[in-house]
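To start, the structure under review is shown below, and the notes come after it.
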Amino acid sequence: MKMATRPFFLAVAVLPAILLCLAALSAQAELRTSEKSITICQKTTPSLERELADLDVGLGSPIFIRIFKKSRELEVWVQPEPAEEYRLFKTYEICTFSGGLGPKIKEGDERSPEGFYSVGDRQLNPNSQYHLSFDIGYPNAYDKLLGRTGSALMIHGDCISVGCFAMTDSRIEEIYTMAEKALRNGQHSFQVHIFPFRMTTASMKKHKKSKWLAFWKNLKEGYDFFEETHTPPKISVAESRYVFAPDYPETAKNQRKKTKLYN
C-alpha cells in the first residue's frame, strides 16, 4: 500500500509549483506589446540594468510605485531577491497632473485620483497615444463603494494631463520598462499608492481644516505601514475604509513559505 500511494503524494507535493509556473506563463501570454514598446524596452534596458545593479537588484524584480501630488513626485521601489523589504530605486518628477489635492469623485471632473490601486498585465498600453501608458485601476473597490466614477486614469507620457499623471517621454519609458519586465518575470500585479502629499504628522497638521481630512487620515494608515516596513500591505475595504494587513512579498523565498503553509 505504501508503494502504491507514493506517486499520489508526490503529485500533491509538486502541484503548487506547477500552478505557479502556469500562472507565470499565462501572465506572459497576456502581456501586450507593440513594435514601439519593444524598441523602447530594448533601448532602455541596458541603462536600467546598470543603475539597478548598484542596488544589487535585477531588472524584472517586483516593483512598487508611490505618487505624491503636492511635490509632483513618483517613486519607483524595487524588491531584491531574497530580501523582503523594497528599496527606493528612483524618484521621478511628474510633468503634470490635474485637479489639485483631493480624490477624484466623478467622470469628467478632471481630477486625479488618490488612494490605493493595482496594475496587472492587461492594464499596460503599448499603443498609447500618449507615448506609453498603464491604467492605474481607478475606480477601485473603495471608489465604487462610494459611488465614484471615471475611467482610463493613466500614468503616461507626452506631458499632458486631464485627470492622469503625465510624465516626460524619457521618464515613462523607464517606468514602463520596469513595469513590463516585472510582470513578464512573474509579478502578478504591482501596487500604486497615490497621496496628496507626504503624510507626515506636520503635513497633516497643515491640512487639518481640509474637508478631506478624514479620508487622508485613512490614507495615512497605508502610508505609515509602508514607511515602517518597506513592504506594500495587503489592502481591503471594510465599512467604507481602507484596511491594511501584512502581506507576503513576491519573492521566491516567500513563495516557498506559502507553499509550505498550504500543504
Output the residues belonging to the range 39-57 that are surrounded by 15 or more Cβ atoms within 10 Å (Cβ to Cβ) and either outside any helix (DSSP H, G or I) or acidic (Asp, Glu) (or both). 57
Name the single residue that is nearest to residue 66 (Cα to Cα) among those in the range 210-232 being more than 16 Å from the chain's Cα centre (by Cα) and of a type in the set (Gly, Ala, Ser). 214
What's the total number of residues in the range 52-111 that are aliphatic (A, V, I, L, M) and touching a Pro at 6+ places or on another chain (Cβ under 8 Å)? 4
Taking interchain pairs and intrachain pairs at least six residues apart, which have beta carbon atoms under 8 angstrom, with the first residue in the range 208-228 and surrounded by 17 or more Cβ atoms within 10 Å (Cβ to Cβ) and modelled with pLDDT of 95 or more and the second of a type outside the set (Val, Ile, Thr) and assigned to a helix (DSSP H, G or I)? 216/204; 220/204
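What strands (runs of 3 or more DSSP E) lie completely within the range 71-163 and have 2 or more residues being under 23 Å from residue 220 (Cα atoms) and free of Cβ contacts under 8 Å to residues at least 40 places away in the same chain?
Correct list: 73-78, 87-93.
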Any residue at all in the range 96-109 that's within 26 Å of residue 32 (Cβ to Cβ), among the small types (Gly, Ala, Ser) and at pLDDT 95 or above? no
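Which one is nearest to the chain's Cα centre (by Cα), of the residues in the range 131-153 that are farther than 23 Å from residue 59 by Cα and of a type in the set (A, V, I, L, M, F, W, C)? Even if it seems obvious, please write down each step before you answer.
Our first condition is that a residue be farther than 23 Å from residue 59 by Cα; within the range 131-153, this holds for 137-153.
If we keep only those that are of a type in the set (A, V, I, L, M, F, W, C) too, we end up with 141, 145-146, 152-153.
Working: 141: 16, 145: 21, 146: 22, 152: 16, 153: 14 Å.
In this case the residue turns out to be 153.
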Right, residue 72: within 16 Å of residue 155 (Cβ to Cβ), among the basic types (Lys, Arg) and modelled with pLDDT of 95 or more or not? yes
Say whether the condition of being part of a loop (DSSP other than H, G, I, E, B) and among the polar types (S, T, N, Q) is met by at least one residue in the range 168-177. yes
Would you please name the residue that is nearest to residue 197 (Cα to Cα), looking only at residues in the range 71-114 that are of a type outside the set (Asp, Glu), exposed (fewer than 15 other Cβ atoms within 10 Å of the Cβ) and touching a Gly at 6+ places or on another chain (Cβ under 9 Å)? 106
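The values are calculated or read from the model by the stated rules, or taken from the named source; none is laboratory data. Everything numeric here is computed off the predicted structure, so don't read it as measured data. Note: ideal-geometry Cβ built from the backbone for every residue, glycine included; neighbour counts use all protein chains shown.
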